[in-house]
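Quick note: the coordinates plus some simple rules give every number you see, no bench work behind them. Bear in mind the structure is a predicted one, so any value in this text is a computation, not a measurement. Neighbour counts run over all protein chains shown; Cβ positions are idealised from the backbone, glycine included.
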There are 2 protein chains.
Amino acid sequence: MKLATLKAEHKDGILVVVSRDLRRAVKATSIAPNLLAALECWTQCEPALAALYADLNAGEAVGAFDFDPGLAAAPLPRAPQWCDGSAFLNHGNLMQQAFGTPPIPDMETIPLMYQGASDDMLGPTDDVVLPSEAHGIDFEGEFGVIVDDVPLGCPAELALRHVKLLVQINDVSLRAFGPREMKAGFGFFQAKPSSSFAAVAVTPDEIGEAWREGRIHLDLAVELNGEWFGNPNGAEMNFGFHQLIAHAAATRRLSAGTILGSGTVSNAGDQRGSACIAERRAIEVIEKGASSTSFMKFGDRIRMEARWQDRRVFGEINQRIVQAFPPAMVG
Amino acid sequence: MKLATLKAEHKDGILVVVSRDLRRAVKATSIAPNLLAALECWTQCEPALAALYADLNAGEAVGAFDFDPGLAAAPLPRAPQWCDGSAFLNHGNLMQQAFGTPPIPDMETIPLMYQGASDDMLGPTDDVVLPSEAHGIDFEGEFGVIVDDVPLGCPAELALRHVKLLVQINDVSLRAFGPREMKAGFGFFQAKPSSSFAAVAVTPDEIGEAWREGRIHLDLAVELNGEWFGNPNGAEMNFGFHQLIAHAAATRRLSAGTILGSGTVSNAGDQRGSACIAERRAIEVIEKGASSTSFMKFGDRIRMEARWQDRRVFGEINQRIVQAFPPAMVG
């Protein structure tokens, strides 16, 4: 099943079911007004949504219309919470090797995870509005999962039953803030403006065997200004999503609609490229002694997509970086 | 004006106006269904809420009833986001002095702030359910503000106009996780389970001159198991809330309903006690070479309140620490 959220006056948007080929959609508001509401009573809503999805794919859904990703918000425009892991250790290892950042204790046994803002998630074609190119504007291509209510202390062995939807994410990052915020120990804050999402959230069965071991075994194809940047595969996650969920729920319950991210998809070896500029810059430092790829400029465009059986799964993230109005004009 | 949220089937609860003396309340759902909705259209809702508040205080509100804080949720049971500062530098200085934690760069010029979870805020008398006493269970008495929509890049000089409500917070903390999470640089996660809130959020005029310079100039009286623990005053914040808002909005807009916290209220000198156990332990280490106060045990009770003109402003936080069911039973 594929679900999306159309922008509407209300911030939570309008729930639609999207056809498998992403061409058609139909409002599902008779089942639940928005995706968050559906996740909060998933057991009741899921069969009705699945029936509507079957009708839509069969060309029999009443009121169906062409799906326009340009009208889509993030699946959860405001999510209850956003817990972003850094589960591909290859990424952290490269950063440490290149920039001499201090090794992170226990990183091979305890997942790294930061709490991100979830009040203002961007849609797949929304401009990324930022104040300054000097902040080191970067993208991070990620996969993620959306869970229903997870009880406190949920063990990893039981965690995958809570995964209701899979998503594709651009975790926009401002690299100029990262080192200081890490050193201060309070974690990323100014370094992490709003994240962006591909339009379509899918149930795990939509990618068949590519969903296994709590990992999304798909290539994430990343293109910067029309040029290939990388296509790392989600299979190499050092911690599966079940482990990320258990980590997040170790000391508190998680509300339905909580999104957990994989961190930048990153593969060892030199064939796959990268899903963020910082990592390519790290590789350049390691290989050539200096980085030559610059961070993003206003006007730059980032595209990301993942395919299964040669079909886009989540749609496409396709965003432009845009300068914010100067502060004096928005006060 | 004083507002609170009664628990209801819907997680956002029901908006009520509470009388100045906290004795009476009246539903405000004809104005806005819940506090988040009111904050999202504050300009429209505020006059109607103020009129209802005047009626309630005059004993003329139709449908008024006795206000029972035991039925109250947090003012925003799920807030769009929770940005918690550490704006009393005395607290950080004591921790560094006692435990030799590395000095935080620029801490006197750049506010410390972490992103907390905001999906599951606890009400004033809710049990704090936690998995283990070994995690170093602690409270942190804080003041906070709730803002309306804040534009990206809002300067500190314009930030106070966005403060709509003041709140009182217990930022529950698990000290066993803090040092590792700070060292890893990704910030607090398992160290910060759900925060708790006093029942009543108040407009700044409710504390008269005690709201000035972006600070809440009130004592926060903290009592552990019926014994005085501290009564530090909010005046000594090294950064005012206007500076915390500007810091949070430097690289992204903040949605209406965003809560910003002061961090543990902490005063220099030895007369005022502390608003968290970790700080008292730090003082014990500094003064006596070892800490003697232990962290909380299951069954312990924490109370916090703040008074203006001898009247409770926000009501009272009055919570018990309770052991969670073992994980195997909740999977």
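When only the Cβ of Lys, Arg, Asp and Glu is charged (+1, +1, -1, -1), the dipole of chain A relative to its Cα centre reaches about 360 debye. Contact order, relative form, for chain B: 22 percent (alpha carbon pairs under 8 Å, 6 or more residues apart, mean separation divided by residue count).
First check a/c for segment B:169-295, with a ≥ b ≥ c the square roots of the eigenvalues of its C-alpha gyration tensor; if it is under 1.5, answer rounded, and if not, answer prolate when a/b is larger than b/c or oblate otherwise. Here segment B:169-295 falls in the oblate category. Of the trypsin sites (Lys or Arg not before Pro) in segment B:245-331, the ones in a loop by DSSP (not H, G, I, E or B) with at most 12 other beta carbons within 10 Å are B:K297. Rounded to the nearest 10 degrees, the inclination of helix A:277-288 to the longest alpha-carbon principal axis of chain A is 30 degrees. When the Cα centres of segment A:211-250 and segment A:115-161 are compared, how far apart do they sit, in Å? Between the Cα centre of segment A:211-250 and that of segment A:115-161, the gap is 13 Å.
Between B:D68 and B:C41, the modelled labels are 3.2 nm apart [label points 7 Å from Cα along Cα→Cβ]. For chain B, the Stokes-Einstein estimate of translational diffusion at 37 °C and a viscosity of 0.692 mPa s comes to 164 µm²/s, using the Kirkwood hydrodynamic radius over alpha-carbon pairs. For chain B, the longest piece that avoids every one of the GluC sites (Glu not before Pro) found in DSSP loops with at most 12 other C-beta atoms within 10 Å covers B:214-331. Note on A:K27: lysines with a C-alpha under 20 Å away, same-chain residues under 8 apart excluded, are A:K2, A:K7, A:K11, A:K164. Where in segment B:184-219 does the label zone of B:R307 land, with the point 7 angstrom along Cα→C-beta and an amide N cut-off under 13 Å? What the label zone holds, given the 13 Å backbone N cut-off, is B:219. Compute the angle between helix B:42-57 and the longest alpha-carbon principal axis of chain B, please, reported from 0 to 90 degrees and rounded to the nearest 10. Helix B:42-57 sits at roughly 80 degrees to that axis.
Here the ratio of the Cα radius of gyration of the protein assembly as shown to 2.2 N^0.38 Å is 0.94. Within 10 Å of the Cβ of each residue in A:175-182, the mean number of Cβ atoms contributed by other protein chains is 3. Closest approach of a chain B beta carbon to the axis mapping chain B onto chain A (residue, whole Å): B:G187, 1.
Label separation (A:R212 vs B:F325): 3.3 nm, computed from points 7 Å beyond Cα along the C-beta direction. Diagonalising the gyration tensor over the Cα atoms of segment B:12-64 and scaling each eigenvalue by 5 before taking the square root yields semi-axes of 18, 12, 9 Å, largest first. Projecting the Cα positions of B:C41, B:T29, B:T125 onto the charge dipole of segment B:1-127 (unit charges on Cβ atoms of Lys, Arg, Asp and Glu, taken about the Cα centre) puts B:T29 furthest along the positive direction. The slack between B:H10 and B:D205, meaning 0.36 nm per residue of separation minus the straight C-alpha distance, is 67.2 nm. Here the contact order of segment B:192-275, divided by its residue count and restricted to Cα pairs under 8 Å and six or more residues apart, works out to 27 percent.
Distance between the pseudo-spin-label points of A:S30 and B:E108 (7 Å out from Cα toward the beta carbon): 6.7 nm.
For B:K183, a cut-off of 18 angstrom between C-alpha atoms picks up these aspartates and glutamates, skipping any fewer than 8 places away in its own chain: A:D84, A:D106, A:E108, A:E181, B:D106. Going by a ≥ b ≥ c, the root eigenvalues of the Cα gyration tensor, does segment B:1-159 fall in the rounded group (a/c under 1.5), the prolate group (a/b larger than b/c) or the oblate group? The shape class here is prolate. Looking only at segment B:44-84, which residues have a backbone nitrogen under 12 Å from a spot 7 Å from the Cα of B:R23 in the C-beta direction? Zone members listed by number: B:57-59, B:66-67. Across peptide A:250-261, the mean count of Cβ atoms from other chains lying within 10 Å of each residue's own Cβ comes to 5.
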